[in-house]
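Each reported figure results from applying straightforward, stated rules to the coordinates on display, with no laboratory input. Keep in mind the model is a prediction, meaning the values are calculated, not measured.
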Ligand code: FES
Ligand code: FES
C-alpha cells in the first residue's frame, strides 16, 4: 500500500506491505539511521519518533499508520531550537547518551518539557524509566533533563522579554 507523509519537513511516499513497521521504513527505506531498532517490543525506547507531535515507538506501529501524518525523527529534531536546550542541558550534567538510546532520550526529554516546563521529580523519574539502558547513570540523565528544563525556561523568558512592551523614557 502507498504511504505518504511529511518526514522532517519533506514530503515522502513509500510502498509498504501492511505488516511493515514504521521503524523499518524509516531506517531501511528512507535511510535515516539514528532511530534504532532495539528490542522491537516496545520496551527500550530506542526507536522513538514524534508522530503528529506525539512520542511514538516506531517499532510498535505499522508504517501505514504514518499516512497523512507528520513524522519527526531525531535527525529533524536536531535542527530545532528546542533541541539546543536539551543538548545544553545534557552537556551541563556531563551526560552523553550513546547512539542507541540517544533518539529516545532526547525526544522523551522534549515530551517532558512540552508537558511541563518545570517537571516534577516523579515526572523525571517516569521519563527516565521509559528508556532501558544499563550502561549509563539514570541520575545523570535526570540531571540532564532538569538542566534542559532550566535552559528552556530561560530561553522562553528571554523571548518574552524581546517581544514584550518597552517603556520609552519620558
Ligand atoms: S525498539 Fe522500539 S521500544 Fe525497543
Ligand atoms: S544504551 Fe545508550 S547509554 Fe546505555
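Most mobile of 44, 101, 135 per a Gaussian network model of the chain (Cα springs, under 10 Å)?
Fluctuation is largest for 135.
Assuming a viscosity of 1.002 mPa s and a temperature of 20 °C, what translational diffusion coefficient in µm² per second does Stokes-Einstein assign to the range 2-73, Rh being the Kirkwood radius over Cα pairs?
Estimated diffusion coefficient is 183 µm²/s.
Suppose a student asked you for the relative contact order of the range 81-163, using Cα pairs under 8 Å spaced at least 6 residues apart; what percent would you report?
The value is 49 percent.
Any chance you could check the Cα centroid distance between the range 101-150 and the range 1-55 for me, in angstrom?
Result: 22 Å between the Cα centres.
Any chance you could give the angle, 0 to 90 degrees and rounded to 10, that helix 138-163 forms with the longest Cα principal axis of the chain?
Helix 138-163 sits at roughly 60 degrees to that axis.
Give me D for the range 59-101 in µm² s⁻¹, whole number, from Stokes-Einstein with Rh from the Kirkwood sum over alpha-carbon pairs, 4 °C and 1.567 mPa s.
The Stokes-Einstein estimate is 103 µm²/s.
So what is the calculated 222 nm ellipticity per residue for the chain, using -39500 (n - 2.57) for each DSSP H run with n of 4 or more, over all residues, to the nearest 500 deg cm²/dmol?
-12000 deg cm²/dmol
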